[in-house]
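A.B. asks: Submitted below is the structure of interest, expressed as structure tokens.
The values are calculated or read from the model by the stated rules, or taken from the named source; none is laboratory data. All values derive from a computational prediction rather than experimental measurement. Glycine gets a Cβ as well: all are built from the backbone with ideal geometry, and neighbour counts include every protein chain shown.
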Amino acid sequence: MVDIIEDLGKKAPRYSMKHRNLIEGYARKGAIDYHEKTEKSYDLGKFFTNFYEFYIYAAYIGVYTENPLPLSNDYETRTFGVPMRDWTSNDSFPSLQYLWMVTMVTARLDLNALEDMNDKEVEAEMLKIKDRIEAYANGGFEFINSKIKENPAFFDDEDCFVKLLKEVE
Amino acid sequence: MIIKSIAVQDFQCYSGPLDSNIFEFKPGLNVIIGDNGSGKSKLYDAFYWLLYDKVFNSSTRSFEPTSHVGINLASDKAKASAQIGEFVEVIVQLLLLDQSDKGSVPTEYLLTRSIRLEKIKETDDFSDPSCWKIDSLSITKVEMKDILNFKPMPESGSFDRIVKLLLPPDMEPYLWFQGEQVDSLIDFKNEDSLTKAIDVLSGINIFDNYIEIATKVAKQANESYNREEREKLRLNNSAKENLLEKEKLEKLIDKEKDNLILIIDNLETAEQRKEELLGKIEDAKELEKLKINLESAKGEINQAQSLLNDGRRNFNNNLFRKKWLLRNAGKFSVQFEQMQKKYDERREDIKIERKLELQQEEARKHKLPENVPNRQYLEEMLNEKKCYLCDRSFIVGDPAHTYLSNVLERTKKKKVSYTDFLKQDIKKNIQDLYSNAYTISNYAIPRVDESIQEELEKLDNLQATIENKKQAYSTIEEKLNHLLTTGSVSQEDAKNIVRSFRESDDSKDRFVQNKFETEARLKQYKERLSIINRELKSSFGGKMNPDTLEKKEILDDFLEIALSTRDLVYEEQIKLIEELANTHFYQMTRENTSVQGKIILEKRGKSHMPKNVDENGVELTSINDSNIILIKLATILAIVSAKGGTEHHPLITDAPTSKFSDNYTIGFCKTISEIFNQSIIISYDFYHNIMLRERLLKEIENLGSVIVIEPSQPENQRMNRIDLSTKISSLN
């Protein structure tokens, strides 16, 4: 018997190295220590406190723009080396879980069929969900990149990523 | 004695022969005008070198003998153009006119000082001392003009004699000074400074000698009186005790008197200090207050900035914390709800279908074989080990018992669970996902836009707060700068002034208390001594040797007279200086439109401090820097005029008016032009200030020569000093 939430949590989605600079440009690599006054994400000009949050953000952009873009073989792909269950803080876990739900909806996952599958088959389905999350994130990164090219000044404001959400509603 | 001219040859920036560097002066006010770096100070140095064989070293702020200055005395241009074996001769020459003997023809003297440098080696650096051989001593020469020609004066010491005629040594500091020396020349806080001036006028030091002698002899007379008195009382027992107590009391009185002098001295110092600070304390307190306000405003800005930074940093965290990220994702929750509903319905259907199938299967399994009694009888039969049909007994383990047991076991009803007919159960997972989605879509997502707006407003408000606080900071800073520019206190001094004022105030209170206590003790000791003295007198009938008594009384009086005469003369001279200083102060300030007032030199302890008061003695203003310099200059002029030096000696001063406004500068020039037969001032003030220069030329009646000096090269192009010479041009 497979716990699908637990199974999804064990998976580590990949990203295209094509977007590595973008990710590093806007997100901090590690977690932020808010007590450390000398190095703050904001002070470093980073909008996201870690790579994972930017990844989740990009996936939602991919969802909102209905632009799932499967990872291509043209670029090397990598994971962050950490499964999704360990990406999150109390703040971001509900948003990640919501993303799983959204992906299941858009993938039109047959929940009843799932219950008729054996463990391996269920795990394969969850792998497809993970692939779809990757595709959304990839599409989201592509969108952000094109937005940067089109209007670099857009990203000068501290609320740019909030404004972007309004643009893609 | 007046100076007719000074000529210099190859002296520092004055390169060229004597006739190309000549300054001619007339009776009245002569002014040499020049920019910074034009050679004004070098001219002052040339005067000094000629008269005293020393040159002022600006880096050590002291006068150095010619031997220390060495080849630097000579102009670079002359040194650079000299060949090996050639000489550079530095010469300064002063032409004087002595008119002191009114009955006879005025006498002209020519004073010359020179020194020679011989070039002995050629190197790239002409300033290298090893290239030069310099005379060990400068040579002086005095010539006196007979009817037509100058002839050397053969008497030894005639050079010094003429210099002393020009500038008598006791008056020299007041006749010849630089602007920056004025402050220390007349230092009102320092008793010695005024005493020195008064000594020039009245020889006050002679009274100090009288006091010293009178103290010594009065002490001797008193000691012999006491000795005799003790001798007379030696055999009287009660007198003995009184004598012992008398000696003890006298010692105590001396000690307390010393204490009192010390306390009064300290009290005066504290009062004087407090008085000095009084004019500055308000500014200092205000400055301190503004500094604290400024610090506090800075702290508030930093705090608000820190809140703004935190707010900005946390702003994007709200994408997750406040679920802003999901603002467009509400519809998926609805879709998932439908999915879940379908799933649940389908799941129920499947459950029913499967259950039915199972029941049929169960029913099939549950059916007992033909001729077997029903389940209840079968269980009873197996329990009782007896067949109800054939009435035979069983033995556990025989074939019939085993068969019936198996039949019963096989057809037993099982409890059916969902997993019996489905491979997975994701119901809980789906419920969890839905529960999360429900909370977010119903509570977080509908508030997202409002929440974003609130956060943006919060940031805007913080930004506005910072702007306001910065504005407040600027206002305080402006006030602070204004106070620093116009007030009497610098930022560094303010704290010290406030502290010193408090300390002086505390010290003053403490010394007043000490003084009161000491005076009370002294009074007590004196009263007791007086009683003892009366008792002693009665014990020997007051029969002392008349000579001893007379000597004691006369010498006590002598001491008293010496002390009071000295005080009297000192105070008289102070009054004289005050009166003459007021005359000059009035002359110097008459151009000014503000109320002039009068200077009084108020006794403060041992010194005298100037105060500017109106005709009723009410203090007009606290005295600022330029007022104090003006008062000091008036005092210097008072000393010279009291001594009668204005007619016979020239005043030579460098930059005396650098701290003055135009009116004060003109006032000073007018005053010295009126009171001195001749004066020479060297000044920067008239160089760029053309209006002031025009006023000088128009308004000074007794004007001598006005000369402008300019370097041959502007200062910013003066990389190579070997072409440097000084251009001298007369304006009138």
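A.B. asks: Take B:Arg312 and decide whether it is modelled with pLDDT under 85, within 14 Å of chain A (Cβ to nearest Cβ) and within 26 Å of B:Gln463 (Cβ to Cβ).
C.D. replies: Details: modelled with pLDDT under 85: yes; within 14 Å of chain A (Cβ to nearest Cβ): yes; within 26 Å of B:Gln463 (Cβ to Cβ): yes.
Yes: the conditions hold for B:Arg312.
A.B. asks: B:Leu433 - would you say it is out of contact with any His (no Cβ under 7 Å at 6 or more places or on another chain), modelled with pLDDT of 95 or more and within 14 Å of chain A (Cβ to nearest Cβ)? Talk me through it step by step, then tell me what you get.
C.D. replies: Values: out of contact with any His (no Cβ under 7 Å at 6 or more places or on another chain): yes; modelled with pLDDT of 95 or more: yes; within 14 Å of chain A (Cβ to nearest Cβ): yes.
The answer is yes for B:Leu433.
A.B. asks: Given the criteria within 14 Å of chain A (Cβ to nearest Cβ), farther than 25 Å from B:Pro446 by Cα, assigned to a helix (DSSP H, G or I) and at pLDDT 85 or above, does B:Asn302 qualify? Step through it out loud before you land on a result.
C.D. replies: Values: within 14 Å of chain A (Cβ to nearest Cβ): yes; farther than 25 Å from B:Pro446 by Cα: yes; assigned to a helix (DSSP H, G or I): yes; at pLDDT 85 or above: yes.
Yes.
A.B. asks: For the range B:510-538, name all the residues that are over 22 Å from B:Lys255 (Cα atoms) and free of Cβ contacts under 8 Å to residues at least 24 places away in the same chain.
C.D. replies: Pass one, the range B:510-538, residues over 22 Å from B:Lys255 (Cα atoms): B:534-538.
B:Arg534, B:Lys537, B:Ser538 - these are the residues of the range B:510-538 that are over 22 Å from B:Lys255 (Cα atoms) and free of Cβ contacts under 8 Å to residues at least 24 places away in the same chain.
A.B. asks: Quick one: which strands (runs of 3 or more DSSP E) sit completely within the range B:138-241 and have at least 3 residues that are on the phi > 0 side of the Ramachandran plot?
C.D. replies: none
A.B. asks: Among the numbered criteria (1) in a strand (DSSP E or B); (2) loosely packed, with under 14 Cβ neighbours inside 10 Å, which one does B:Leu97 miss?
C.D. replies: (2)
A.B. asks: Limited to the range B:531-544, what total is found for residues that are closer than 10 Å to B:Glu229 by Cβ and modelled with pLDDT of 80 or more?
C.D. replies: Result for the range B:531-544: 1.
Residues are listed down the side, and each one gets a yes or a no for (1) touching a strand residue (DSSP E or B) at 6+ places or on another chain (Cβ under 7 Å); (2) in contact (Cβ under 8 Å) with a residue 24 or more places away in the chain; (3) within 19 Å of B:Ser712 (Cα to Cα):
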site: B:Met1; (1), (2), (3): yes, yes, no
site: B:Gln12; (1), (2), (3): no, yes, yes
site: B:Asn21; (1), (2), (3): yes, yes, yes
site: B:Glu24; (1), (2), (3): yes, yes, no
site: B:Asn30; (1), (2), (3): yes, yes, no
site: B:Ile84; (1), (2), (3): yes, yes, no
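A.B. asks: Turning to a different aspect of this structure: Only one of B:Ser451, B:Ser435 is among the hydroxyl-bearing types (Ser, Thr, Tyr) and touching a residue at least 12 places away in the same chain (Cβ under 8 Å). Can you tell me which? Walk me through it before giving the result.
C.D. replies: Values: B:Ser435 fails: touching a residue at least 12 places away in the same chain (Cβ under 8 Å).
Being among the hydroxyl-bearing types (Ser, Thr, Tyr) and touching a residue at least 12 places away in the same chain (Cβ under 8 Å) holds for just one of B:Ser451, B:Ser435, which is B:Ser451.
A.B. asks: Considering every residue within the range B:524-533, establish whether at least one is at negative phi and touching a Phe, Trp or Tyr at 6+ places or on another chain (Cβ under 7 Å).
C.D. replies: Restricting attention to the range B:524-533, the residues satisfying the condition of being at negative phi are B:524-533.
So of that shortlist, the ones also touching a Phe, Trp or Tyr at 6+ places or on another chain (Cβ under 7 Å) come out as none.
No: zero hits.
A.B. asks: Which condition breaks for B:Ile350 when tested against (1) buried (at least 16 other Cβ atoms within 10 Å of the Cβ); (2) more than 42 Å from the chain's Cα centre (by Cα); (3) closer than 30 Å to A:Tyr60 by Cβ; (4) touching a residue at least 24 places away in the same chain (Cβ under 8 Å)?
C.D. replies: Evaluating B:Ile350 over (1) buried (at least 16 other Cβ atoms within 10 Å of the Cβ); (2) more than 42 Å from the chain's Cα centre (by Cα); (3) closer than 30 Å to A:Tyr60 by Cβ; (4) touching a residue at least 24 places away in the same chain (Cβ under 8 Å) leaves (3) as the failure.
A.B. asks: Ok, one more. Scan the range B:292-339 residue by residue and report those that are in contact with a Phe, Trp or Tyr (Cβ under 8 Å, 6 or more places away or on another chain) and surrounded by fewer than 21 Cβ atoms within 10 Å (Cβ to Cβ).
C.D. replies: B:Leu294, B:Ala297, B:Lys298, B:Ile301, B:Asn309, B:Arg312, B:Arg313, B:Asn318, B:Asn328, B:Glu337
A.B. asks: Tell me, yes or no, whether the range B:179-192 has at least one residue that is under 30 Å from B:Glu550 (Cβ atoms) and of a type outside the set (A, V, I, L, M, F, W, C).
C.D. replies: If we filter the range B:179-192 for residues that are under 30 Å from B:Glu550 (Cβ atoms), which is where we start, we get none.
Checked the range B:179-192: no residue is under 30 Å from B:Glu550 (Cβ atoms) and of a type outside the set (A, V, I, L, M, F, W, C).
A.B. asks: Counting only residues that are assigned to a helix (DSSP H, G or I) and touching a residue at least 60 places away in the same chain (Cβ under 8 Å), which one in the range B:309-327 is farthest from the chain's Cα centre (by Cα)? Lay out the reasoning, then the answer.
C.D. replies: Taking the range B:309-327 first, the residues assigned to a helix (DSSP H, G or I) are B:309-321, B:324-326.
Right, trim to touching a residue at least 60 places away in the same chain (Cβ under 8 Å) and you get B:311-312, B:315, B:318, B:324, B:326.
Values: B:Gly311: 41, B:Arg312: 41, B:Phe315: 46, B:Asn318: 51, B:Trp324: 56, B:Leu326: 61 Å.
Among those residues, the one meeting the criterion is B:Leu326.
A.B. asks: Additional query: Please count how many residues of the range B:65-79 are at pLDDT 85 or above and surrounded by 16 or more Cβ atoms within 10 Å (Cβ to Cβ).
C.D. replies: Residues flagged as at pLDDT 85 or above and surrounded by 16 or more Cβ atoms within 10 Å (Cβ to Cβ) within the range B:65-79 amount to 8.
A.B. asks: Additional query: Determine whether B:Glu155 is more than 23 Å from B:Gly644 (Cβ to Cβ), exposed (fewer than 14 other Cβ atoms within 10 Å of the Cβ) and among the charged types (D, E, K, R).
C.D. replies: Working: more than 23 Å from B:Gly644 (Cβ to Cβ): yes; exposed (fewer than 14 other Cβ atoms within 10 Å of the Cβ): yes; among the charged types (D, E, K, R): yes.
Criteria met by B:Glu155.
A.B. asks: For the range B:556-564, check the following and say yes or no: at least one residue is under 30 Å from B:Asp662 (Cβ atoms) and surrounded by fewer than 16 Cβ atoms within 10 Å (Cβ to Cβ). If you could, list the steps in order and put the result at the bottom.
C.D. replies: Pass one, the range B:556-564, residues under 30 Å from B:Asp662 (Cβ atoms): none.
The answer is no, given that none of the residues of the range B:556-564 is under 30 Å from B:Asp662 (Cβ atoms) and surrounded by fewer than 16 Cβ atoms within 10 Å (Cβ to Cβ).
A.B. asks: Take the residues in the range A:116-168 that are in contact (Cβ under 8 Å) with a residue 12 or more places away in the chain, within 14 Å of chain B (Cβ to nearest Cβ) and among the β-branched types (Val, Ile, Thr); name whichever of them is farthest from A:Ile56 (Cα to Cα).
C.D. replies: By that ranking, first place goes to A:Val122.
A.B. asks: Identify, from the list A:Val162, A:Val122, the residue that is closer than 27 Å to A:Asp3 by Cα, among the β-branched types (Val, Ile, Thr) and assigned to a helix (DSSP H, G or I). Even if it seems obvious, please write down each step before you answer.
C.D. replies: Details: A:Val162 fails: closer than 27 Å to A:Asp3 by Cα.
Answer to the check: A:Val122.
A.B. asks: Moving on to the next point. Is one or more of the residues making up the range A:65-80 modelled with pLDDT of 95 or more, of a type in the set (Val, Ile, Thr) and assigned to a loop (DSSP other than H, G, I, E, B)?
C.D. replies: For the range A:65-80, residues modelled with pLDDT of 95 or more, of a type in the set (Val, Ile, Thr) and assigned to a loop (DSSP other than H, G, I, E, B): present.
A.B. asks: Next question, about the same structure. If B:Gly330 meets every condition in (1) in contact (Cβ under 8 Å) with a residue 24 or more places away in the chain; (2) touching a Ser or Thr at 6+ places or on another chain (Cβ under 7 Å); (3) within 7 Å of another protein chain (Cβ to nearest Cβ) apart from one, which number is that one?
C.D. replies: (3)
This table checks each residue for (1) surrounded by 15 or more Cβ atoms within 10 Å (Cβ to Cβ); (2) within 23 Å of B:Asp19 (Cβ to Cβ); (3) within 49 Å of the chain's Cα centre (by Cα).
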| position | (1), (2), (3) |
| --- | --- |
| B:Phe63 | yes, no, yes |
| B:Val92 | yes, yes, yes |
| B:Ser104 | no, no, no |
| B:Ile115 | yes, yes, yes |
| B:Cys131 | yes, no, yes |
| B:Ile134 | yes, no, yes |
| B:Leu137 | no, no, yes |
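A.B. asks: Got a number for residues in the range A:50-64 being crowded, with 24+ Cβ neighbours inside 10 Å and either at the interface with another protein chain (Cβ under 9 Å from one of its Cβ atoms) or over 12 Å from A:Ser95 (Cβ atoms) (or both)? Explain how you work it out, then say what you get.
C.D. replies: Just the residues of the range A:50-64 that are crowded, with 24+ Cβ neighbours inside 10 Å, to begin with: A:53-63.
From what is left, the residues that are either at the interface with another protein chain (Cβ under 9 Å from one of its Cβ atoms) or over 12 Å from A:Ser95 (Cβ atoms) (or both) are A:53-54, A:56-58, A:60-63.
Qualifying residue count for the region: 9.
A.B. asks: Taking the criterion of being out of contact with any Phe, Trp or Tyr (no Cβ under 6 Å at 6 or more places or on another chain), part of a loop (DSSP other than H, G, I, E, B) and without any contact (Cβ under 8 Å) to a residue 40 or more places away in the chain, would at least one residue in the range B:700-709 satisfy it?
C.D. replies: Yes, because at least one residue in the range B:700-709 is out of contact with any Phe, Trp or Tyr (no Cβ under 6 Å at 6 or more places or on another chain), part of a loop (DSSP other than H, G, I, E, B) and without any contact (Cβ under 8 Å) to a residue 40 or more places away in the chain.
A.B. asks: Exactly one condition in (1) touching a Lys or Arg at 6+ places or on another chain (Cβ under 7 Å); (2) under 30 Å from B:Met544 (Cβ atoms); (3) modelled with pLDDT under 85 is false for B:Glu229; which is it?
C.D. replies: Unmet for B:Glu229, out of (1) touching a Lys or Arg at 6+ places or on another chain (Cβ under 7 Å); (2) under 30 Å from B:Met544 (Cβ atoms); (3) modelled with pLDDT under 85: (1).
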